[in-house]
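**Student:** Structure below; questions to follow.
The values are calculated or read from the model by the stated rules, or taken from the named source; none is laboratory data. This structure is a prediction, so every number in the text was calculated from the model and none was measured. Note that we place each Cβ from the backbone using ideal geometry, even for glycine, and neighbour counts take in every protein chain shown. What goes into the accessible areas is simple: the full protein's heavy atoms, side chains included, and nothing from ligands, DNA or RNA. Shrake-Rupley method; radii C 1.70, N 1.55, O 1.52, S 1.80 Å.
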Amino acid sequence: MSQELIDERIGKEYSAGFVSDIESDTLPPGLNEDVIRFISAKKDEPEWLLEWRLEAYRGWLEMATPHWAHVDHEPIDYNEISYYSSPKSFEDRPQSLDEVDPQLLEVYEKLGIPLHEQEMLAGVAVDAVFDSVSIGTTFRAKLAEAGVIFCSISEAVHEYPDLVRKYLGSVVPRRDNYYAALNSAVFTDGSFVFIPKGVRCPMELSTYFRINEAKTGQFERTLIIAEEGSHVSYLEGCTAPMRDENQLHAAVVELVALDDAQIKYSTVQNWYPGDANGLGGIYNFVTKRGVAHNRSRISWTQVETGSAVTWKYPSCILRGDDSVGEFYSVALTNNCQQADTGTKMIHLGKRSRSTIISKGISAGRSSNAYRGLVRMSPRAEGARNYTQCDSLLIGDRSAAHTFPYIESRNPSAVVEHEATTSKVSDDQLYLCQQRGLDAEKAVSMIVNGFCKEVFRELPMEFAVEAGKLLEVSLEGSVG
Amino acid sequence: MLVIENLHARIGDEDILKGLSLTVKPGEVHAIMGPNGSGKSTLGHVLSGRPGYEVTAGTITYNGEDVLALETEERARQGIFLAFQYPVEIPGVSNMEFLKASVDILREHRGEEALDAVTFMKRAREACTLANLDHSFLKRGVNEGFSGGEKKRNELLQMMLLEPSLAILDETDSGLDIDALQVVAEGVNNMRNDTRSFVLVTHYQRLLNFIKPDYVHVLADGRIVRSGDASLALHLEEHGYAWLDDEVA
Ligand SMILES: Nc1ncnc2c1ncn2[C@@H]1O[C@H](COP(=O)(O)OP(=O)(O)OP(=O)(O)O)[C@@H](O)[C@H]1O
Ligand SMILES: [Mg+2]
């Protein structure tokens, strides 16, 4: 292979890996109560929220890093991270997208996410979060007509304080776990969604997160409330530049589905995974959880291809009777990536049902673990779970693990678990090549086929994206 | 034109092909027969470039090009097609998707226009009908859960859609019922023309009742030990391979 070709290949590996030269206002590294006060003051937050953050911080100080996940990384020095970074032009916050620094808009265009409404994907409203702040939300007026609120969480704190105060931390308590506590203390921005009673959100909502600044962490907080009988579909996408050092991303997402509501939450996670030797990349330690009330439905769909280390278990608390929880996941690891991901389905309501479809793909020297908990509480009369957990290995240096935990304390509850492990065999590759396909195309076709059941769950335009993303992420996994 | 000269090939430490020579001109049909384990499938795999086979001596050229210097997929793009003796399954990848991807790449390589989805679909359905496979097989995973005979007919389906210039059929007639055998024979006969060549590996003379070969060869212990016309197959049917040992020895 010529040097040119090699360079082209390597360059193609992570196409979102560019750094944007945008002047920023970044807090020096370090974490203490003053830093939290600074963040809170910067955002002009009410007193209760500052107290809420400080309380979380004090809790965090007493907690220990979790060690149970099947991942291995250098300990994180929390004093080396900067907890706040905002593009300079945000000193005087723009009032609308028209006022946003064109250079910032360009960054999003480069990523394929135009924020000018006229160029937007039809029917998708976008909130874009750059390092620590939201740079603007599209289609707000149109959404407001339907009574839907879609804005950054910082704005929501000011404009809808009662809602925020009522629901923030109601699903993921401040001291839920180490990373959730950290997030609660220092979260900077994220999205806020409120769908009023009986409303079907007229378009897909989505948020794009981008880490740009070096040595910064991203701690976003998302809160979605679907009132009785409402419907919403939300998608988040994530990218970051290529850097040699590891960067921390510790998000919290809370979903509240009141009676008869439906929330569909999809993620395409493509944070920088580090280079082929495991240098750099994002540590993705995320807590995502939803509470489903009577007859409501929460679906998590995720396509996880990025990050050096992923630690993530989008979960459902099926509190209501006849509530439904779903988890559809594709997690792909290549080179030195590590993922420990899965879900928790906590069945409290009668006849609550859950479905878990997990597809793990490991290539290179990577390690990919599924960890899932299904708990049937004593009052979950007639509850059901179906879990299907498939692993696909590419090459012979990668690893797949499955850790299913089942706790059933109601004899009428039914839990079904199926697991398979398969390998992309040399014979399959040979067949494809004999028919004219090159090995990389063959692998990506086989992997796409393996993930079909999950891709079906993604909104149409993102299913195509997800397929392409897998193809890029698999580069260099064969031959 | 395919020219194989003095081909020696091994798998691991095992020498399998030991000086095989064969020339197949455009438009010709050659049948290769021979005892189990004599190297017939090996020949097909060496031609199509299966990893793990080492060529220790000899040459293969196809239309003047050095085949051994080409990657597996490049050989396929030159028009070399192998119908596998044991087709593998690719779960989750539909036959349709698989065939479309190969047809696209092969057409591109031949400098032909890409087929739009509707035209492709139409051709795929027609080929299914010819291979006597229900159209629903296009939606199923590649060979996934197919019966033995269905797998063989699926190889035929692929050959018809990919339109190779050299097709090697490795026991595509084995395990077929008599009707399916005719289907395969008709498929081959329909595709025969002045430029396309076939190499049919078979154990049964009856296939050759339906497809008239130009030559019949006997492969034994990694070499072609006997070549003749169609009558050689009849002779083998009657006498087996033992008489050859006496002659070779
Ligand atoms: N991977 C392998 N390792 C070692 N020996 C092998 C391997 N594959 C094939 N062989 C040997 O090579 C020889 C030729 O095998 P081949 O499959 O070419 O025979 P064949 O003529 O096609 O037989 P059949 O009529 O049974 O299909 C056999 O002795 C077989 O055991
Ligand atoms: Mg054979």
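**Student:** How about region A:395-422: which of its residues are within 14 Å of chain B (Cβ to nearest Cβ) and in contact (Cβ under 8 Å) with a residue 40 or more places away in the chain?
**Tutor:** The one that is within 14 Å of chain B (Cβ to nearest Cβ) and in contact (Cβ under 8 Å) with a residue 40 or more places away in the chain: A:GLY395.
**Student:** Next up: Filter region B:161-205 down to residues that are within 18 Å of B:PHE84 (Cβ to Cβ) and among the small types (Gly, Ala, Ser) and give me whichever is nearest to ligand 1 (Cβ to nearest atom).
**Tutor:** B:SER174
**Student:** Kindly provide the set of residues from region B:155-171 that are more than 11 Å from every other protein chain (Cβ to nearest Cβ) and either part of a helix (DSSP H, G or I) or of a type in the set (Phe, Trp, Tyr) (or both), ordered by number.
**Tutor:** B:LEU156, B:LEU157, B:MET160
**Student:** Please work out if B:GLY240 is free of Cβ contacts under 8 Å to residues at least 12 places away in the same chain and surrounded by fewer than 21 Cβ atoms within 10 Å (Cβ to Cβ).
**Tutor:** It is true that B:GLY240 is free of Cβ contacts under 8 Å to residues at least 12 places away in the same chain and surrounded by fewer than 21 Cβ atoms within 10 Å (Cβ to Cβ).
**Student:** Please list, ordered by residue number, the strands (runs of 3 or more DSSP E) wholly in region B:24-124 having 3 or more residues that are away from ligand 2 (no atom under 16 Å from the Cβ) and open to solvent by 60 Å² or more (accessible area, probe 1.4 Å).
**Tutor:** Counting at least 3 such residues, we get B:53-62.
**Student:** Within region B:56-83, how many residues turn out to be more than 7 Å from chain A (Cβ to nearest Cβ), of a type outside the set (A, V, I, L, M) and within 25 Å of A:SER444 (Cα to Cα)?
**Tutor:** 6
**Student:** Same structure, new question: Regarding A:SER425, is this residue under 26 Å from B:ARG50 (Cα atoms), among the hydroxyl-bearing types (Ser, Thr, Tyr) and at the interface with another protein chain (Cβ under 10 Å from one of its Cβ atoms)?
**Tutor:** So A:SER425 fits the description; yes.
**Student:** Would you be able to say whether some residue in region A:315-324 is in contact with a Ser or Thr (Cβ under 8 Å, 6 or more places away or on another chain), in contact (Cβ under 8 Å) with a residue 12 or more places away in the chain and closer than 21 Å to A:TYR179 by Cα?
**Tutor:** Yes, region A:315-324 contains a residue that is in contact with a Ser or Thr (Cβ under 8 Å, 6 or more places away or on another chain), in contact (Cβ under 8 Å) with a residue 12 or more places away in the chain and closer than 21 Å to A:TYR179 by Cα.
**Student:** Name the pairs: first residue in region B:39-57 and within 13 Å of B:GLY222 (Cβ to Cβ), second residue more than 13 Å from ligand 1 (Cβ to nearest atom) and not in a strand (DSSP E or B), Cβ to Cβ under 6 Å, at least 6 apart or on different chains?
**Tutor:** B:VAL55/B:LEU68
**Student:** In addition: Could you tell me whether region B:155-163 includes any residue that is modelled with pLDDT of 95 or more and either within 16 Å of ligand 2 (Cβ to nearest atom) or more than 16 Å from the chain's Cα centre (by Cα) (or both)?
**Tutor:** yes
**Student:** Name the residues in region A:454-469 that are touching a Phe, Trp or Tyr at 6+ places or on another chain (Cβ under 7 Å) and touching a residue at least 40 places away in the same chain (Cβ under 8 Å), would you?
**Tutor:** A:VAL454, A:GLU457, A:ALA466
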